Amino acid sequence: MIVIKRFVLIFISLLCIFSFSIASSGHDSSAACAIAVETSEFDIYYDEAADTKHEIASLTKMMTVVVALENGGDLNRVVTVADEAIGTEGTSIYLKPGEQMTVNDLIWAVLLNSANDASVALAVAVGGSVEEFVSMMNAKAYALCMNTTHYVNPNGLPAEDHYSSAKDLAILACYALSVEGFKEISSSYTHSIPYDGVANGRQLVNHNKLVKQYDGCIGMKTGFTKSAGRCLVTAAERDGVTLVCVTLDDGDDWNDHKSLLNIGFDTYERVTLSVQNEQGRGVPVAGEERFVLCANQDDVSAVLRKDRSDIIKSLNVPNFLYGPVALHDKIGTVTYQYNGRIIGEDSIVVIETDP
């Protein structure tokens, strides 16, 4: 998981520097703002006012949960629900004064059930206060280069100066998939947490019905207020390809997401660049009458558009080696390039010293 997170952070940093090409998908959504991306390279294949500021309603809670998962410490620790969380308007799990819950239970209630009261309780439990937690949310948005985002509260209830964009939410969604625990919660359909002393007294239900209706859907988040309209973030994965779709103020969001995801899966595929030990060759050892057998160390693959030009392979291996030579010594690299960028790289290592 640490390696995955490091890769995602490097990927996010590149978003701060480079722009990515946008291809028309041939689909017209009903959304005021929308975006659809392939996640490994943040390749945008649909864009409709994706950089425009917009209210985001409960899509806010994606960041709430990311910050809580990363900063909540022991998620099984029991906290007393803050008084200010009681009676929060909108969707609720009806927290009671003095009620005790684990941080993890609050996280599930926020992401799966979109509970506004649990969002406030979680913010206080993790940040010490709502204000400090919101500062943490904005700091994370800045770190992820979400340059068209500002949070005022942890639940997305209407507030002046609380906004994001479809593109920023796609960046957050790609990152969230790497955060331990997020994907498990987001892709679950139901989950039980305590209520009034009963261990499984609260039954939480995922508001994203595509979790059950769309093959490969791994959830994400729904949102709605009168001023924001219907808002939806959905992720889906099939055959090694992961897509994220975001729509804001979309009266036909379920159908739009199905159509955009279908287009994505028709557009991309995971390509095997090489399998372990495929790039084998003998390399002589200087001063010795023998060769050692070397080959690529791992399986290598990349997600690419199905309609593409050739992939260029570059093998960097010396003409000879100086001894001593041991098994698994790295002696070179193999690199795969497509459209001017590196899409895969692997080490060439010694796999046999006395062939």
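The values are calculated or read from the model by the stated rules, or taken from the named source; none is laboratory data. Only a predicted model underlies this, so the values are computations on that prediction, with no experimental measurement involved. We place every Cβ from the backbone using ideal geometry, glycine too, and count neighbours over all the protein chains shown. Protein only, heavy atoms only, side chains kept; ligands, DNA and RNA dropped before computing areas. Shrake-Rupley method; radii C 1.70, N 1.55, O 1.52, S 1.80 Å.
Among the listed pairs Lys61/Lys209; Lys167/Lys306; Lys140/Lys209, those whose Cα-Cα separation exceeds 20 Å are Lys167/Lys306; Lys140/Lys209. Over the range 49-116, the hull volume per residue, using the convex hull of the C-alpha atoms, is 101 Å³. Across the options Asn153, Ser274, Thr64, the greatest Cα extent toward the positive end of the charge dipole of the chain (unit charges at beta carbon of Lys, Arg, Asp, Glu) belongs to Ser274.
Working from Cα pairs under 8 Å separated by at least six residues, relative contact order for the chain is 16 percent.
Relative to the longest principal Cα axis of the chain, at what angle does helix 103-113 sit, 0 to 90 degrees, rounded to 10? Taking the Cα atoms of the chain, the angle to 103-113 is about 80 degrees. Legend: translational diffusion of the range 156-254 by Stokes-Einstein, Rh = Kirkwood radius over C-alpha pairs, 25 °C, 0.890 mPa s; D = 165 µm²/s.
Projected over every direction and averaged, the convex hull enclosing the alpha-carbon atoms of the range 43-165 yields 7.8 nm². Among the chymotrypsin sites (Phe, Trp or Tyr not before Pro) within the range 293-355, those in coil by DSSP and having at most 16 neighbouring Cβ atoms inside 10 Å are Phe320, Tyr322. For the range 245-352, taking Cα atoms only, Rg and Dmax work out to 21.0, 75 Å respectively. Seen against the Cα atoms of the chain and their longest principal axis, helix 116-127 is set at about 60 degrees. Shown here for the range 62-168: trypsin sites (Lys or Arg not before Pro) in loop regions (DSSP other than H, G, I, E, B) with at most 12 other Cβ atoms within 10 Å, namely Arg77.
A Cβ-based charge dipole, computed about the Cα centre of the chain with Lys and Arg at +1 and Asp and Glu at -1, lands at about 140 debye. The phi-based Karplus calculation (6.51 cos²θ - 1.76 cosθ + 1.60; θ = phi - 60°) puts the 3J(HN,Hα) values of the range 346-352 at 8, 7, 9, 10, 6, 10, 7 Hz, whole numbers, x for Gly and Pro. Our Cα-only numbers for the range 101-182 put the radius of gyration and Dmax at 12.5, 35 Å.
Positive-end ranking of Leu75, Cys33, Met101 along the dipole of the range 28-140, with charges on Cβ about the Cα centre, is headed by Met101. Each of Val285, Val300, Gly251 was placed along the dipole of the range 243-303 (beta-carbon charges, centred on the mean Cα), and the one lying farthest toward the positive end is Val285. Of the residues Thr60, Thr39, the one with the largest accessible area comes first in the ranking Thr39, Thr60, computed with a 1.4 Å probe on protein heavy atoms. Computed over the range 251-309, the P(r) tail beyond 14 angstrom holds 71 percent of alpha carbon pairs. In the chain, what percentage of the DSSP-assigned beta bridges are antiparallel, given to the nearest 5? That works out to approximately 95 percent antiparallel. Distance from the C-alpha centroid of the range 36-94 to that of the range 339-355: 40 Å, rounded to the whole angstrom. Residues in the chain average 45 Å² of solvent-accessible surface per residue, probe 1.4 Å, ligands and nucleic acids excluded. For the chain, a Gaussian network of Cα nodes joined below 10 Å ranks Cys294, Cys217, Cys33 by mean-square fluctuation, and the top entry is Cys294.
Could you list the trypsin sites (Lys or Arg not before Pro) in the range 267-355 that lie in coil according to DSSP, counting only those with at most 13 other Cβ atoms within 10 Å of their Cβ? Hits after loop and neighbour filter: Arg290, Lys306, Arg308.
Each pair of Cα atoms in the chain enters the Kirkwood radius, and Stokes-Einstein at 4 °C and 1.567 mPa s then converts it into a translational diffusion coefficient of 58 µm²/s.
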